[in-house]
Amino acid sequence: MDNLITDFNDKTIVYEQLLDDFKILLKKNTLKFTIQREVILETLYKSDEHLTPESLHNLIKNTFPDLKIGIATVYRTLSLLEDSKLVTSLSFGAQGKKYELGAKNHHDHLICTECGNITEFVDENIEKRQHLIAKELGFKMSDHSMQIYGTCKECQK
Ligand SMILES: [Zn+2]
Ligand SMILES: [Zn+2]
């Protein structure tokens, strides 16, 4: 399958637009726009990875060593961002969640339950089939997410 695209890191939104949406979101929730919250958004925007709250927290601490930011702020901000669909998450069961920017081109995921590695993909046939199934069942489809769980190439060795 040579035509399978596996890189979806292009953002479909410019940062300034995302930042505006974020400020509106904070206002709606009567939360202050703080440098900590902005850094969370900016780091998510710049990252091409799917990040756990802990890895996001570490990334921020390494990039901004002087910034005081608690893990609780990261958790709270992530769930706020997720509720409003600005970020999306992938569930690793008991191991928690990994987050990525909502404003990336649509893609599905292969998730390794051994090492946590994530591969992104889109298959046109799968996409089409889902639309057809929804249509056949009289369902008005707005979105979908698909996660395939298993063991990656490396972990099978
Ligand atoms: Zn693996
Ligand atoms: Zn992804």
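The values are calculated or read from the model by the stated rules, or taken from the named source; none is laboratory data. Note that this is a predicted model, so its numbers are computed, not measured. Note: ideal-geometry Cβ built from the backbone for every residue, glycine included; neighbour counts use all protein chains shown.
Scanning region 73-103 for residues that are aromatic (Phe, Trp, Tyr) and over 20 Å from Glu114 (Cα atoms) yields a single hit, Tyr75. Among the residues of region 34-69, those identified as under 19 Å from Ala103 (Cβ atoms) and either assigned to a loop (DSSP other than H, G, I, E, B) or in contact with a Lys or Arg (Cβ under 8 Å, 6 or more places away or on another chain) (or both) are Tyr45, Ser47, Asp48, Glu49, His50, Leu51.
The one condition from (1) surrounded by 12 or more Cβ atoms within 10 Å (Cβ to Cβ); (2) assigned to a helix (DSSP H, G or I); (3) basic (Lys, Arg) that Lys27 does not meet is (1).
None of Thr77, Thr88, Thr119 is in a helix (DSSP H, G or I) and either among the polar types (S, T, N, Q) or within 16 Å of ligand 1 (Cβ to nearest atom) (or both) except Thr77.
Can you list residue pairs whose Cβ atoms sit under 7 Å apart, with the first residue in region 100-115 being touching a residue at least 60 places away in the same chain (Cβ under 8 Å) and the second being near ligand 2 (Cβ under 9 Å from one of its atoms) and of a type in the set (A, V, I, L, M, F, W, C)? Count only pairs 6 or more apart in sequence or on different chains. Taking only residues 6 or more apart or on different chains, the pairs are Lys104/Phe8; Asn105/Phe8; His107/Phe8. Within region 122-149, being outside any helix (DSSP H, G or I), away from ligand 2 (no atom under 16 Å from the Cβ) and under 23 Å from the mean Cα position of the chain (by Cα) holds for Met141, Ser142. Of the residues screened, Leu18 is not one that is over 22 Å from Gly150 (Cα atoms), assigned to a helix (DSSP H, G or I) and at pLDDT 95 or above. Considering region 91-116, the residues that are more than 16 Å from ligand 1 (Cβ to nearest atom), among the aliphatic types (A, V, I, L, M) and surrounded by 14 or more Cβ atoms within 10 Å (Cβ to Cβ) include one that is nearest to Tyr149 (Cα to Cα), namely Leu101. Can you confirm whether Thr88 is surrounded by 14 or more Cβ atoms within 10 Å (Cβ to Cβ) and within 28 Å of Asp20 (Cβ to Cβ)? Yes; evaluated as a whole, the condition is true for this residue.
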